[in-house]
Amino acid sequence: MPVIGIDDTDSSREMCTTYLTVEILRRTSLDLIGFPSLVRLNPNIPLKTRGNAAISLTLGRGEGERRIVGTIDGEAVYSFPRYREEKMDIDILSIIERFSPKDERTNPALIISHERGNPEFYWEAVREFIDFRNVLGKVKGDVRTINGDVGIVGANAAISWPGERVTYELISYLDQSRWGGEHSVDDESAKYLEMNFQDTFDNYDFQNGYNAIRPTTKTPVLFGIRGIDPVLLAKHRSVVRSEPYSSYLIYVTNQGTDDHLVERTIDETKLYNSSILTGFLKDNPSWLRGGVLQFTLEDGHGEIKAVAMEPTKQFRLILSKLRKGDRVRVYGGVTKPGFINLEKINVLSLSTVKHIIPPVCRKCGTRMESYGRNSGFRCRKCGARTMKGEEFTERRDIQPGFYEVPVIARRHLSRPLKLGAVK
Ligand SMILES: [Zn+2]
């Protein structure tokens, strides 16, 4: 029974589901097979923990060439490509009980199975809303839950993730004696990673002065470096200047893959779905209360309000330069019916925006003035009048191409433009 899936052992205030991996590996005498997986689920579901993360790992008697994927208390953690099945030698549920917050909104789930789950389940969990009550009978393996069964969806999604598109994250963990209080991770290190290593992403937000490799809440995690190459990530670890940490592990993840996004027409969008929609702006963008920028998108099948909320910062200023008639491809999630929250946009073509301004007087050469709505123009100097204004084409202040939210507002699943290959 070597395939393990765990979900929902953190809360909005403390812990991190991935830390369970450290405690499991510390105790088991079995070998780690492959990388541990960090799987992010549908980011639009309101009933979620902070990062909406689940983990899975496979344990057994390792075979084949081993590689180092981390250290725990200074000892190397090896991973093997193949394995023989062995009986589980530790009580994982008791580890979960010990390390998950005692909080009514934390609902841990554990699945231990002989095999990985059906990939269809993962795709549904990352893209749709799955009611945990419909999952109970379908899970293959031994299921344990604490405090309700909500976590089953994430745990089963984690063991069902096919890993078609992957990135990696190296996560370092503080020794338990250091968990409290403030922690130091040098901002300059995060800037250095961001500027010098094209294989890493979401390290530092230069526009907003935000160090994204350190967590913002209380957790055993000291820092996490995201990237596309696990061998390089292990090297980049030496770049980060920080207080001491006792362990680190490299996870394979679905972060930065856009796995949540599905190309749809507007009439096919549903609450909690994430979509890629292509259409035209039906109106000019407008600012709403709370710093929300909004425009109406239409595609011949329907229309939807495309919004960028305040936390997306500078992204809103870029969107505010769009005009009615522009053709765009938008990427985002429906968290409220009729509204899509944008993560990025591809501006496909710009419309020609014309304004009518008062013409120059043909008799005396003075710029005329408007005589009121639909009443034409009048020359103040010589009194001449005309109905015909001068056509003025607005110089557009935006170029076709991709634009995205800054690092500080990035969703875990959203693919940064830095990595390329955005659909
Ligand atoms: Zn005149």
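Here are a few things to note about the model shown:
- Residues of segment 385-406 satisfying the condition of being within 16 Å of the ligand (Cβ to nearest atom) and either among the basic types (K, R) or within 29 Å of F206 (Cα to Cα) (or both): R385, K388
- Annotation note: Cβ proximity below 6 Å between a residue of segment 381-396 that is under 10 Å from M368 (Cα atoms) and a residue that is among the β-branched types (V, I, T) and part of a loop (DSSP other than H, G, I, E, B) (sequence gap 6+ or interchain) occurs for K381/T366.
- Scan of segment 341-368 for residues that are without any contact (Cβ under 8 Å) to a residue 24 or more places away in the chain and part of a strand (DSSP E or B), ordered by number: R367
- Check on I96, buried (at least 22 other Cβ atoms within 10 Å of the Cβ), among the aliphatic types (A, V, I, L, M) and not in a loop (DSSP other than H, G, I, E, B): yes
- Residues within segment 99-131 that are in a loop (DSSP other than H, G, I, E, B) and either of a type in the set (K, R) or under 21 Å from L59 (Cα atoms) (or both), tallied: 8
- Flag set for R415, criterion: buried (at least 18 other Cβ atoms within 10 Å of the Cβ), at pLDDT 95 or above and not assigned by TED's automatic domain parsing to the domain that holds W123.
- Matching residues, segment 277-293, being touching a helix residue (DSSP H, G or I) at 6+ places or on another chain (Cβ under 9 Å), without any contact (Cβ under 8 Å) to a residue 60 or more places away in the chain and not in a loop (DSSP other than H, G, I, E, B): G279, W287, G290, G291, V292, L293
- A Cβ distance below 6 Å, combined with a sequence gap of six or more or placement on separate chains, defines the contacts here; from segment 140-166, residues that are over 11 Å from R116 (Cα atoms) and touching a residue at least 24 places away in the same chain (Cβ under 8 Å) reach residues that are surrounded by fewer than 24 Cβ atoms within 10 Å (Cβ to Cβ) and of a type in the set (V, I, T) in the pairs D142/I112; I152/V135; V153/I130; V153/V135; R165/T257; V166/V252.
Here is a yes/no grid of residues against (1) of a type in the set (D, E, K, R); (2) touching a Pro at 6+ places or on another chain (Cβ under 9 Å):
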position: S246; (1), (2): no, no
position: I250; (1), (2): no, yes
position: H260; (1), (2): no, yes
position: G279; (1), (2): no, no
position: S286; (1), (2): no, no
position: K305; (1), (2): yes, no
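- Exactly one residue out of G279, G290 is more than 16 Å from the ligand (Cβ to nearest atom) and surrounded by fewer than 16 Cβ atoms within 10 Å (Cβ to Cβ): that is G290.
- Residue ID - farthest from R396 (Cα to Cα), chosen from residues in segment 354-384 that are among the basic types (K, R) and away from the ligand (no atom under 13 Å from the Cβ): R373
- Meets criteria (over 22 Å from F129 (Cβ atoms) and in contact with a helix residue (DSSP H, G or I) (Cβ under 6 Å, 6 or more places away or on another chain)) for D205: yes
- Hits in segment 296-340 (condition: assigned to a strand (DSSP E or B) and surrounded by fewer than 21 Cβ atoms within 10 Å (Cβ to Cβ)): T296, E298, E303, K305, R327, R329, V334, T335, K336, F339
The values are calculated or read from the model by the stated rules, or taken from the named source; none is laboratory data. Values in this document were obtained by computation on a predicted structure and should not be read as measured data. For neighbour counting, all protein chains shown are included, and Cβ atoms are generated from backbone atoms with ideal geometry for every residue, glycine included.
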